[in-house]
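Read through the structure below, which is laid out as structure tokens, and then see the notes.
The values are calculated or read from the model by the stated rules, or taken from the named source; none is laboratory data. These numbers were taken from a predicted model, which means no experiment stands behind them. Cβ coordinates were reconstructed from backbone atoms using ideal geometry, including for glycine residues, and neighbour counts include every protein chain displayed. Heavy atoms of the whole protein, side chains included, go into the accessibility calculation; ligands, DNA and RNA do not. Shrake-Rupley method; radii C 1.70, N 1.55, O 1.52, S 1.80 Å.
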Amino acid sequence: MKINILAVGRLKEKYLTDAVAEYVKRLRPFSTVEIKEVPEQKSVDDEGEKLSALIPRDSWVCVLDVGGTELTSEEFASRLEGLMVEGKSQWAFIIGGAFGISDRLRAESDFRLSLSRMTFTHQMTRVILVEQIYRAFKIIRGEKYHW
């Protein structure tokens, strides 16, 4: 299992980098996680091109998008488990920058996920995403963490 998180911009605050590092560490028994960043660009289309170039071949692609589908943690876990059953072992989660995600990436993705109807910074989104991926694996295995 290989999870790629492709994001615009660098995490600047230590508390955010520490949180992401902690969940990436917790994910090691379940998956390899690689985080790749592209610098902020002048437009979401330019960012989209840079992000698109980083998507590994044969990946299931999930764009984080405020207009995407909202799922409960259990529904998210079920979706990821379904991908595993289908033999999809390479996943790419894409987090846009401060101004969102390009229409091209939206159209080319396999799934558009909204973490909430609320707006989060793209930096905070990275923390929430890795925590939810970790939670999903714990749910799939029936292990303690998710009550």
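Given the condition closer than 17 Å to F111 by Cα and either in contact with a His (Cβ under 8 Å, 6 or more places away or on another chain) or buried (at least 19 other Cβ atoms within 10 Å of the Cβ) (or both), answer yes or no: does some residue in the stretch 19-40 qualify? Before the answer, list the steps.
Filtering the stretch 19-40 for residues closer than 17 Å to F111 by Cα gives none.
No, the conditions are met nowhere in the stretch 19-40.
Just the residues that are modelled with pLDDT under 95 and closer than 16 Å to E75 by Cβ, please, taken from the stretch 117-141.
R117 - this is the single residue of the stretch 117-141 that is modelled with pLDDT under 95 and closer than 16 Å to E75 by Cβ.
Of these, L80, L64, which one is of a type outside the set (S, T, N, Q), farther than 17 Å from K2 by Cβ and open to solvent by less than 30 Å² (accessible area, probe 1.4 Å)? Quick ask: steps written out before the conclusion?
On the way: L80 fails: farther than 17 Å from K2 by Cβ.
When all the criteria are applied, what remains is L64.
Condition test on I101, is it in contact with an Asp or Glu (Cβ under 7 Å, 6 or more places away or on another chain) and either at positive phi or of a type outside the set (F, W, Y) (or both)? Working first, answer last.
Values: in contact with an Asp or Glu (Cβ under 7 Å, 6 or more places away or on another chain): yes; either at positive phi or of a type outside the set (F, W, Y) (or both): yes.
So I101 passes the test.
Looking at the stretch 101-122, which of the residues that are farther than 16 Å from V44 by Cα and either touching a residue at least 60 places away in the same chain (Cβ under 8 Å) or small (G, A, S) (or both) is most open to solvent (accessible area, probe 1.4 Å)?
The qualifying residue most open to solvent (accessible area, probe 1.4 Å) is S116.
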